[in-house]
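The values are calculated or read from the model by the stated rules, or taken from the named source; none is laboratory data. None of the values given here were measured: they were computed from a predicted structure. Don't worry about glycine lacking a Cβ; one is built from the backbone with ideal geometry, like all the others, and counts go over all protein chains shown.
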Amino acid sequence: MAKTDGKKQLKKTLTKHLNGLKSNERMPYFECNLDSSQAEGFPDLFIAQWNRNAFGGWFIHCDPHKDKLSAVKRRWVTMTREKGYACTLIESLEEFKRALEDYRHSSGLAGQQYFNRRYGREK
């Protein structure tokens, strides 16, 4: 139960940060929720902003406990990246702020490769 509470709190913190961005920095986002009878959701957030030929959007999984991704979640990451989306595991608000700036300024293939190298660990 404590792990779930930590994930919910992190997601709440990230959405609060997104809502607090100024108008010229704002990015549209969606919270991804599954029926509680299903397995744990993946991802938790989707940033719905296309970005400079690097990504079509950004899927974010909140995990403050650095848990290892299941095989299903690793396949999700691989599939979304192959389709041109960013997909990352975020562990803290500080990491999210850095990743958000890098996402915002990523451009083209070089930007996509840099972002995936820096935030693309799916251990």
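What pairs come up if the first residue lies in segment 65-76 and is under 21 Å from residue 10 (Cα atoms) and touching a residue at least 40 places away in the same chain (Cβ under 8 Å), the second is assigned to a helix (DSSP H, G or I) and not aliphatic (A, V, I, L, M), and their beta carbons are under 8 Å apart, counting only those six or more places apart or on different chains?
These pairs meet every condition: 65/3; 65/6; 65/7; 67/3.
Are any of the residues in segment 40-57 of a type in the set (Gly, Ala, Ser), touching a Ser or Thr at 6+ places or on another chain (Cβ under 6 Å) and assigned to a loop (DSSP other than H, G, I, E, B)?
Yes, segment 40-57 has at least one match.
Can you find even one residue in segment 64-73 that is assigned to a helix (DSSP H, G or I), loosely packed, with under 13 Cβ neighbours inside 10 Å, out of contact with any Pro (no Cβ under 6 Å at 6 or more places or on another chain) and not hydroxyl-bearing (Ser, Thr, Tyr)?
Let us first name the residues in segment 64-73 that are assigned to a helix (DSSP H, G or I), namely 71-73.
After this cut, where a residue has to be loosely packed, with under 13 Cβ neighbours inside 10 Å as well, the list is 71-72.
From what's left, out of contact with any Pro (no Cβ under 6 Å at 6 or more places or on another chain): 71-72.
Still in the running and not hydroxyl-bearing (Ser, Thr, Tyr): 71-72.
Yes, because at least one residue in segment 64-73 is assigned to a helix (DSSP H, G or I), loosely packed, with under 13 Cβ neighbours inside 10 Å, out of contact with any Pro (no Cβ under 6 Å at 6 or more places or on another chain) and not hydroxyl-bearing (Ser, Thr, Tyr).
Within segment 75-99, work out how many residues are out of contact with any strand residue (DSSP E or B) (no Cβ under 8 Å at 6 or more places or on another chain), closer than 22 Å to residue 19 by Cβ and part of a helix (DSSP H, G or I).
Qualifying residue count, segment 75-99: 5.
Checking the structure you have, find out if any residue of segment 58-65 is modelled with pLDDT under 90, among the acidic types (Asp, Glu) and in contact with a Gly (Cβ under 9 Å, 6 or more places away or on another chain).
Within segment 58-65, one or more residues are modelled with pLDDT under 90, among the acidic types (Asp, Glu) and in contact with a Gly (Cβ under 9 Å, 6 or more places away or on another chain).
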